[in-house]
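Notes to accompany the following structure.
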Amino acid sequence: MTSAPIRSHAADPDTRSFAQQKRAEKRAAAEEIGIDAAFIDHLVEAFYAKIREDDLLGPIFAERIADWPPHLARMKTFWRSVLHNSGEFSGNPMLKHLAIPGLELRHFSRWLDLFYETLREAEGYPAATDLVGARARMIADSLLTAIEMRRNGLAGGRAGKDLPCV
């Protein structure tokens, strides 16, 4: 057995440089189709304004969010991480959603309907709508599937198959 220290890839300058380059490329590709920080800020603000007014989703959010500005800032960070691969978001959205009793397909479908509506209103480039919409659907599918699998085991594994698409 050797006593040589194990070197983390994260500490390796070449690995870090490669990751930074890939993040910059992803951000540049997103910005090229109009997905810049201003677009993300507007999308999040407009979308959550609709959520707060929605009869189905509004009460769920109202029970959990008392101070909206910090939540909106967190969601902007989340979406920049998703769309720009910024790496700035830390947290576990899965655990947050698993802790909400009664979430089911209709909630995630409504979330997506409102998200897509907001996205189409903000659309500057169809490619941006396609990319952001696909990411939103992937997230909703992942969350719903985890919730259903926790409730029903493997039978919940295709829970998101009927979610709407952009």
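The values are calculated or read from the model by the stated rules, or taken from the named source; none is laboratory data. This is a predicted model, so every value here is computed, not measured. All Cβ positions, even for glycine, are placed from backbone atoms using ideal geometry, and neighbour counts span all protein chains on display. We work out accessible area using only protein heavy atoms, side chains counted, and drop any ligands, DNA or RNA first. Shrake-Rupley method; radii C 1.70, N 1.55, O 1.52, S 1.80 Å.
Translational diffusion coefficient of the stretch 85-166 (Stokes-Einstein, Kirkwood radius from Cα pairs, 37 °C, 0.692 mPa s): 241 µm²/s. Specify the angular offset, from 0 to 90 degrees and rounded to the nearest 10, of the alpha carbon long axis of helix 105-122 from the longest principal axis of the alpha carbons in the chain. Rounded to the nearest ten degrees, it is 80. Along the stretch 54-71 the Karplus relation, 6.51 cos²θ - 1.76 cosθ + 1.60 evaluated at θ = phi - 60°, assigns HN-Hα couplings of 6, 5, 7, 8, x, x, 5, 5, 4, 5, 10, 10, 9, 10, 5, x, x, 5 Hz to successive residues, with x for each Gly and Pro. From helices alone, the chain scores -22500 deg cm²/dmol at 222 nm; the rule is -39500 (n - 2.57) for each run of n ≥ 4 DSSP H residues, then divide by the residue total. Computed extension length for Met138-Asn152: 3.0 nm, one decimal, from 0.36 nm per residue of separation with the Cα-Cα distance subtracted. Surface exposure of the chain, expressed per residue as accessible area with a 1.4 Å probe, stands at 59 Å². Taking the C-alpha atoms only, the angle from helix 126-152 to the longest principal axis of the chain is near 80 degrees. Within the shell defined by Cβ-Cβ distances under 15 Å, the residues around Lys161 carry a net charge of -1, with Lys and Arg each +1 and Asp and Glu each -1. For the chain, the number of Lys pairs with C-alpha atoms closer than 25 Å, counting only pairs eight or more positions apart or on separate chains, is 7. Only protein heavy atoms count here; on that basis, with a 1.4 Å probe, Trp68 has an accessible area of about 40 Å². The slack in the chain from Asp14 to Ser86, taken as 0.36 nm per residue of separation less the alpha-carbon distance, amounts to 24.1 nm. Annotation note: trypsin sites (Lys or Arg not before Pro) in the stretch 135-166 located in DSSP loop regions with a Cβ neighbour count of at most 16 within 10 Å are Arg158. According to the square roots a ≥ b ≥ c of the eigenvalues of the Cα gyration tensor, what is the shape class of the stretch 119-166, taking rounded for a/c under 1.5, prolate for a/b larger than b/c otherwise, and oblate for the remainder? In terms of gyration-tensor shape, prolate.
Accessible area of the chain with a 1.4 Å probe: how many percent of it is carbon plus sulfur? Accessible surface attributable to carbon and sulfur in the chain totals 55 percent.
Length available on full extension from Arg23 to Glu123: 0.36 nm per residue minus the Cα-Cα distance, which gives 33.7 nm.
Sorted largest first, the principal axis extents computed over the alpha-carbon atoms of the chain equal 60, 42, 32 Å.
Taking the square roots of 5 times each eigenvalue of the Cα gyration tensor of the stretch 28-110, largest first, gives ellipsoid semi-axes of 24, 15, 13 Å.
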